[in-house]
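Here is the structure we will look at, set down as structure tokens.
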Amino acid sequence: MEQLNILFVDDELHNLNAFKSAFRRDYIVHLADSASKAMEILAAESIQIIITDQRMPDVTGVEFLKKITPQYAHTLRMVLSGFSDSETITQAIKDKTVHHFINKPWDKQIIKSIIAKAFAN
């Protein structure tokens, strides 16, 4: 199977580096340190998976995904958070803005399992 393009959005550089290090052998990894940078990448690349941090300075992960969902409805969309934003994230899952919520610290095998199930034929 062709490698999937995954976009990881987080405002913290060490999180971006850790994600790329963990997944670079499995996927084509694109990194964005802001929602605006993520929008640029989405416009330029064919992205199948978006994973975003929930708590970022300019916009939350859920707000970012709500904004892009109409145009990128066929992407797998996940939110990571170490905080309890359960009401916001639960509503976003009900609205189909978010497919999966993942607690921080994230586990590589859990993320790979979610992706494998989503893209199984």
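Quick notes on this structure:
- For the range 105-121, filtering for residues that are without any contact (Cβ under 8 Å) to a residue 12 or more places away in the chain and more than 15 Å from Leu80 (Cα to Cα) leaves 5.
- With respect to being part of a helix (DSSP H, G or I), at pLDDT 95 or above and among the β-branched types (Val, Ile, Thr), Ile47 falls outside the description.
- Residue among Phe23, Phe64 that alone is farther than 19 Å from Glu2 by Cα, aromatic (Phe, Trp, Tyr) and touching a residue at least 24 places away in the same chain (Cβ under 8 Å): Phe64
- Within the range 86-118, tally of residues that are under 22 Å from Pro70 (Cβ atoms) and part of a loop (DSSP other than H, G, I, E, B): 5
- Any chance Glu87 is surrounded by 14 or more Cβ atoms within 10 Å (Cβ to Cβ) and out of contact with any Asp or Glu (no Cβ under 7 Å at 6 or more places or on another chain): no
The values are calculated or read from the model by the stated rules, or taken from the named source; none is laboratory data. Just so it is clear, the structure is predicted and the values come from calculations on it, not from any experiment. Quick reminder, even Gly has a Cβ in these numbers, built from the backbone with ideal geometry, and neighbours come from all protein chains shown.
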